[in-house]
């Protein structure tokens, strides 16, 4: 199913968007996503994370992309980390592809990833890199979208409820 709502880039967060992003992050962590946080994730910690993302986006170091439901509430997001070291100006990282469990199976992850790739292209990037929890469900999406498997690192992080998980690293060259 193709997601029909356009993906939007945010440069700042209002209170409603911050609340919605916090809800998406907490929902994903509660659902078992290994995305840097442990369950239960306190709202204040999630809010602080999103404020840091907004600060980085305001400086142009990252792009914060969001998708909204029919009511205008954010239900999915992804980040393109544009600010890289001096020897990697051609590269960007994809970070925190998150889709609220209530909005899954609608093509939202794919739409967000395609928008992230276009955002990186527009910023002059020619190589994208991402990592994802091995066996966490997103690997198939990345493979379908033409990402190449680089490798897996065992015991890289923890699942939100504890227990070590591996990470899978993907890359994708961007053609003009």
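The values are calculated or read from the model by the stated rules, or taken from the named source; none is laboratory data. As the structure is a prediction and not an experimental result, all values here were calculated from the model. Methodologically, a virtual Cβ is constructed for each residue, glycine included, from the backbone with ideal geometry; neighbour enumeration extends over all protein chains shown.
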Query raised in the report: Do we find a residue being touching a strand residue (DSSP E or B) at 6+ places or on another chain (Cβ under 7 Å), assigned to a loop (DSSP other than H, G, I, E, B) and more than 18 Å from residue 14 (Cβ to Cβ) anywhere in the range 88-100?
Result: yes
Query raised in the report: List, please: which pairs have Cβ atoms under 6 Å, are six or more places apart or on different chains, and start with a residue in the range 136-153 that is touching a residue at least 24 places away in the same chain (Cβ under 8 Å) and end with one that is in a strand (DSSP E or B)?
Result: 138/132; 139/168; 142/170; 147/170; 147/172; 148/171
**Report entry** Among the candidates 16, 44, 48, residue that is within 26 Å of residue 167 (Cβ to Cβ), over 15 Å from the mean Cα position of the chain (by Cα) and exposed (fewer than 14 other Cβ atoms within 10 Å of the Cβ)
**Finding:** 48
Query raised in the report: Out of all the residues in the range 60-77, which are more than 12 Å from residue 17 (Cα to Cα) and without any contact (Cβ under 8 Å) to a residue 12 or more places away in the chain?
Result: 71
Query raised in the report: Scanning for something in contact with a helix residue (DSSP H, G or I) (Cβ under 8 Å, 6 or more places away or on another chain), at pLDDT 95 or above, crowded, with 16+ Cβ neighbours inside 10 Å and over 25 Å from residue 50 (Cα atoms), does the range 92-108 turn up at least one residue?
Result: no
Query raised in the report: Identify, please: which residue in the range 146-167 is part of a loop (DSSP other than H, G, I, E, B) and either surrounded by 15 or more Cβ atoms within 10 Å (Cβ to Cβ) or at positive phi (or both) and is, among those, nearest to the chain's Cα centre (by Cα)?
Result: 147
Report task. Tally the residues that are touching a residue at least 60 places away in the same chain (Cβ under 8 Å) and in contact with a strand residue (DSSP E or B) (Cβ under 7 Å, 6 or more places away or on another chain), restricting the search to the range 106-122. Result -> 5
